[in-house]
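Working notes, structure below.
The values are calculated or read from the model by the stated rules, or taken from the named source; none is laboratory data. The structure displayed is predicted, hence computed values, not measured ones. Here the Cβ is made from the backbone with ideal geometry for all residues, glycine too, and neighbour counts use every protein chain on show.
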Amino acid sequence: MSSATTEAACLEIPLAAYPGFNRFTLDWMAGNPNATQFLSRSNPERNATTRDAALANALIESNRRWGRNVDDEVARWSCGETFTVIAGQQVGFAGGPIYTLAKLAGMLKLKRDNEARGIPTTVFFWLATEDHDFAEVATLSLPKRDPKQQLDLTTFRARHPNSKMAVGALPVPEELTLALIEYLDIPRPAWLRQGITFRDSFAELITSAVDGKFVLVDALLPELRRAGAPLFDGIFTNWDRIQRALDVRGEELTKAGYAPQVVPRPGEAHTLLFELDENGRRELIESPRALPPERISTSALTRPLLQDFVLRPDVFVGGPSEVAYYAQIAPLHEMLNVAMPRVALRAHEMLAPKRLARTVERYDIKAEEIFAGSDAVLATREPAGVAEIKFIAEKAKRALAADMTRIGEIGLPAEHALARAINKSIGHVEYHFGKLTERAIRGLARKDRDRYAAVRELVATLAPDGAPQDRVTGWFGYWQQYGSHLVSQMIAEAAQDENVCKVVSL
């Protein structure tokens with residue numbers, strides 16, 4: 001992690017130190033041929049063709065209902081005149097986690113930079129309204145107000161419905177809304193009015209929070225489904241070929257040392273499509289059959305194909321899992337005659353007050369230490385005391401082990417089972433010496449209360465409850481505090497398709 005020497009400097013965490021990061025994507029970002037053989041990092045030819053007119057009109061009208069004027073953006077895109085970039089996300093309650101906003105910030109920075117060079121650019125943000133993961137959209141975590149509490153986040157959840165309903169058209173549960181406005185002590189916003197759907201709530205919040213030119217795409221838009229009808233026909237026609245191609249690609253990824261992102265249950269086929277009934281329930285399609293396109297819903301494996309077929313982006317921006325999806329489905333693009341976009345890794349950004357940068361600089365904290373926890377960070381910042389404790393403990397362990405070994409040497413002729421007991425006892429001694437040493441180091445670290453408080457806040461902010469902040473913490477609480485400054489800073493610092501996570505100072 002670099003130090004902040006000026007107000008404009010930004011702390012950076014290598015993605016290799018980011019917990020649980022997808023191994024395939026790390027290798028792919030590094031240009032490792034073992035990974036790039038499955039997914040190229042080169043730029044394909046521009047996809048400058050005219051688009052579906054009915055879809056273009058539907059995009060304009062749906063955005064207008066959310067208070068967005070995208071007429072000019074869509075008109076240029078529909079004529080094939082613009083460089084097109086797309087990312088997408090679940091329509092999470094109150095905007096979802098920080099990385100949702102980071103995706104959009106990275107695309108808006110690309111648009112700004114492109115247009116400064118004279119390259120007209122259209123940004124699409126795909127609203128994954130057809131998914132049925134209610135638990136994901138109906139969960140929001142915000143930082144706790146009381147830093148003395150044991151956990152770092154307050155989490156709001158709603159009861160899960162019994163059926164697999166497409167989440168976009170479901171109303172936001174009243175219990176979630178009331179809990180949020182009470183917690184933040186804010187008036188009830190229009191984007192959380194009673195009865196509003198997850199789709200409309202998310203879209204209206206994004207519109208009010210982010211002042212930029214981008215087009216929201218409702219995955220359940222009927223015109224989008226109709227524009228995708230030829231793709232659905234191709235999937236049904238090639239159903240068995242697709243299953244075999246996915247099996248082969250899964251075997252190839254496994255042989256190369258990577259885990260396929262989607263693996264079917266033993267004896268079952270890959271999930272390709274669902275059927276939406278008149279009430280919005282999603283039922284798995286197990287074999288090809290004739291259906292109106294409005295009733296067809298994609299899976300994680302076929303959603304990228306639909307957006308690439310209908311919107312024809314030049315660049316798709318995704319998280320590490322989404323990059324891995326593309327590596328898995330790449331053979332299907334050629335099979336179904338769908339142009340493959342350039343795949344780019346989304347911007348990774350965390351948020352923190354500026355004073356936390358001074359904590360990092362003052363105590364010379366390294367990236368991997370943040371995710372190890374505050375005790376581990378503090379222990380390494382007490383070199384003299386820690387070194388002495390470790391030296392004494394190691395010396396005592398060696399002396400005791402030597403004495404016990406000598407006892408065994410003396411008594412072995414009289415007691416043949418003594419050697420095993422001696423080895424077992426030495427193991428116990430080493431274990432307890434290790435625990436005692438750890439306890440002493442933790443106590444030493446806590447002696448400096450000011451330092452402990454500062455580092456505890458740093459870890460609680462960037463690794464709340466032990467998880468990376470951008471994956472688990474909602475951005476809305478920060479937007480409530482910092483407003484447009486939050487968005488402008490995230491756009492300015494967005495490092496899209498780079499192997500770092502930036503800590504944006506606020």
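Tabulated data for the structure shown
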| item | result |
| --- | --- |
| Test: Phe316 is in contact with a helix residue (DSSP H, G or I) (Cβ under 8 Å, 6 or more places away or on another chain), modelled with pLDDT of 95 or more, assigned to a strand (DSSP E or B) and among the aromatic types (Phe, Trp, Tyr) | yes |
| Qualifying residue in segment 163-176 (condition: within 27 Å of Leu221 (Cα to Cα), assigned to a loop (DSSP other than H, G, I, E, B) and of a type in the set (Val, Ile, Thr)) | yes |
| Of all residues making up segment 159-170, the number that are within 23 Å of the chain's Cα centre (by Cα) and free of Cβ contacts under 8 Å to residues at least 60 places away in the same chain | 1 |
| Residue under evaluation Val310, criteria (1) among the aliphatic types (A, V, I, L, M); (2) surrounded by 15 or more Cβ atoms within 10 Å (Cβ to Cβ); (3) closer than 30 Å to Leu458 by Cα, criterion not met | (3) |
| Elements of type helices (runs of 4 or more DSSP H) in segment 16-98, at least 3 residues being free of Cβ contacts under 8 Å to residues at least 60 places away in the same chain | 53-65, 71-78 |
| Residue within segment 434-453 that is modelled with pLDDT of 75 or more and outside any helix (DSSP H, G or I) present | no |
| Ser141 vs. criteria under 27 Å from Thr84 (Cβ atoms), touching a residue at least 24 places away in the same chain (Cβ under 8 Å), outside any loop (DSSP other than H, G, I, E, B) and of a type in the set (Ser, Thr, Tyr) | no |
| Pick from segment 115-129, criterion more than 19 Å from the chain's Cα centre (by Cα) and not hydrophobic (A, V, I, L, M, F, W, C), ranking: nearest to Glu294 (Cα to Cα) | Thr122 |
| Selection within segment 319-336 - within 18 Å of the chain's Cα centre (by Cα), not in a loop (DSSP other than H, G, I, E, B) and not acidic (Asp, Glu) | Pro320, Ser321, Val323, Ala324, Tyr325, Tyr326, Ala327 |
| Tabulated pairs, segment 482-493, first outside the structural domain of Lys111 (by TED's automatic domain parsing) and within 15 Å of Ile206 (Cβ to Cβ), second of a type in the set (Gly, Ala, Ser) and buried (at least 21 other Cβ atoms within 10 Å of the Cβ), C-beta under 6 angstrom, 6+ apart or interchain | Met490/Ala105; Ile491/Ala105 |
| Test: residue in segment 337-354 that is among the hydrophobic types (A, V, I, L, M, F, W, C) and part of a helix (DSSP H, G or I) | no |
| Any chance Asp133 is touching a residue at least 40 places away in the same chain (Cβ under 8 Å), surrounded by fewer than 17 Cβ atoms within 10 Å (Cβ to Cβ) and within 19 Å of the chain's Cα centre (by Cα) | yes |
| Where a residue in segment 171-190 is without any contact (Cβ under 8 Å) to a residue 12 or more places away in the chain and its partner, wherever it lies, is surrounded by 13 or more Cβ atoms within 10 Å (Cβ to Cβ) and outside any helix (DSSP H, G or I), with Cβ under 9 Å and at least six apart | Ile181/Pro189 |
| Count of residues meeting criterion [over 13 Å from Val262 (Cβ atoms) and surrounded by fewer than 23 Cβ atoms within 10 Å (Cβ to Cβ)] in segment 320-336 | 7 |
| Arg303, sole failed condition from (1) closer than 16 Å to Asp233 by Cβ; (2) buried (at least 20 other Cβ atoms within 10 Å of the Cβ); (3) basic (Lys, Arg) | (1) |
| Unique match (being over 20 Å from the mean Cα position of the chain (by Cα) and part of a loop (DSSP other than H, G, I, E, B)) among Ser297, Ser287 | Ser287 |
| Number of positions in segment 474-488 that are closer than 16 Å to Thr139 by Cα and either under 11 Å from the mean Cα position of the chain (by Cα) or of a type in the set (Phe, Trp, Tyr) (or both) | 2 |
| Selected residue (only one of Gly477, Gly466 is surrounded by 16 or more Cβ atoms within 10 Å (Cβ to Cβ) and either under 30 Å from Ser42 (Cβ atoms) or in contact (Cβ under 8 Å) with a residue 60 or more places away in the chain (or both)) | Gly477 |
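Results for (1) in a helix (DSSP H, G or I); (2) free of Cβ contacts under 8 Å to residues at least 60 places away in the same chain; (3) in the same structural domain as Phe134 (by TED's automatic domain parsing); (4) among the acidic types (Asp, Glu), shown as yes or no for each residue.
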{"position": "Ser201", "(1), (2), (3), (4)": "yes, no, yes, no"}
{"position": "Glu204", "(1), (2), (3), (4)": "yes, no, yes, yes"}
{"position": "Val217", "(1), (2), (3), (4)": "no, no, yes, no"}
{"position": "Gly234", "(1), (2), (3), (4)": "yes, no, no, no"}
{"position": "Ile242", "(1), (2), (3), (4)": "yes, no, no, no"}
